[in-house]
Amino acid sequence: MTAHSKLPQPEVADPVSAKPVVDYETLAAIFDDIRGHPLYDHEIHGCLNCGICTATCPSAQYYDYSPREIVQLLWTENLEGIYDAMHEKIWACAQCYTCAARCPFENSPGGLVMILREVAIKHELPSVKEVLRPFSRVLLKVVSTGNQLAPNMITREAFPDWGPNVAKVDAPLMVLRKAIPMPTMHTLDTAWEVNLRTSVELYTIWEASGVLKQLEQVDENLFDVVSDVMEEKRDEWAEWLEEQDDDD
């Protein structure tokens, strides 16, 4: 152990804020998980600080968010800034990847935000629960059925953070969706209906890939609901297989 490593590391805190002090080891551990992500080196290659990504970013027009800031924080290894951004700013990204298409360095700020979100979940940051709590119904639908949104799930009341253009939700979504030849996209009445075998396979994938473990960290109550639903489906699937064996 070197003499330098024995020195106490600085603690990070805002002198005019009531937020608790964050120790250096925590910040370093978070950054190590970010930098150690298998996609990290693929998503960041440098930064000219040109601002093209921010100039073309839809979220930057309505929120205190800048793709360039995300890249700069990571490129300069600004641990305190990264930690601060993970509490609010990373959740403003709409994942449209316009930034990745425009960056002359072929960076993907949107991809970096995805990594930051994964690490935020792993470290159980408070922002994760705060941001995802209103989307529990959507998460339940995704995890239990593999489907996402149906048109009649989209209302201005359910998504107040969509900004001033939320009025566009009044567009004839049902008419537009019916142009897509998939009945599960038309309404909740069919979007919730999924083949039993498919449901069991999806649950097994969520379980093996660690998604359910992350869900438990984010929303324990929702995790319990999903677990109960899927255990019932597993029992139903096992009973159906037994019936097939008896028939044979």
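The values are calculated or read from the model by the stated rules, or taken from the named source; none is laboratory data. As the structure is a computational prediction, the values presented were derived from the model and not from experiment. Heavy atoms of the whole protein, side chains included, go into the accessibility calculation; ligands, DNA and RNA do not. Shrake-Rupley method; radii C 1.70, N 1.55, O 1.52, S 1.80 Å.
List of remarks:
- On full extension, the segment bounded by Tyr97 and Asp32 gains 21.0 nm, given 0.36 nm per residue less the C-alpha separation.
- Within the assembled protein chains, the solvent-accessible surface assigned to Lys213 is about 140 Å², based on a 1.4 Å probe.
- For Arg197, solvent-accessible area (1.4 Å; no DNA, RNA or ligand), Å²: 130
- Within a straight-line Cα-Cα reach of under 12 Å, Lys129 can be paired with the following aspartates and glutamates, leaving aside sequence neighbours fewer than 8 residues apart in one chain: Glu88, Glu216, Asp219, Glu220.
- When the listed pairs Lys89/Lys122; Lys141/Lys213; Lys89/Lys213 are checked against a 21 Å cut-off, the alpha-carbon distance exceeds it for Lys89/Lys213.
- Given a 1.4 Å probe and the protein chains as shown, Trp237 ends up with an accessible area of around 60 Å².
- For the range 94-149, the spread of Cα positions along each principal axis, largest first, Å: 39, 27, 15
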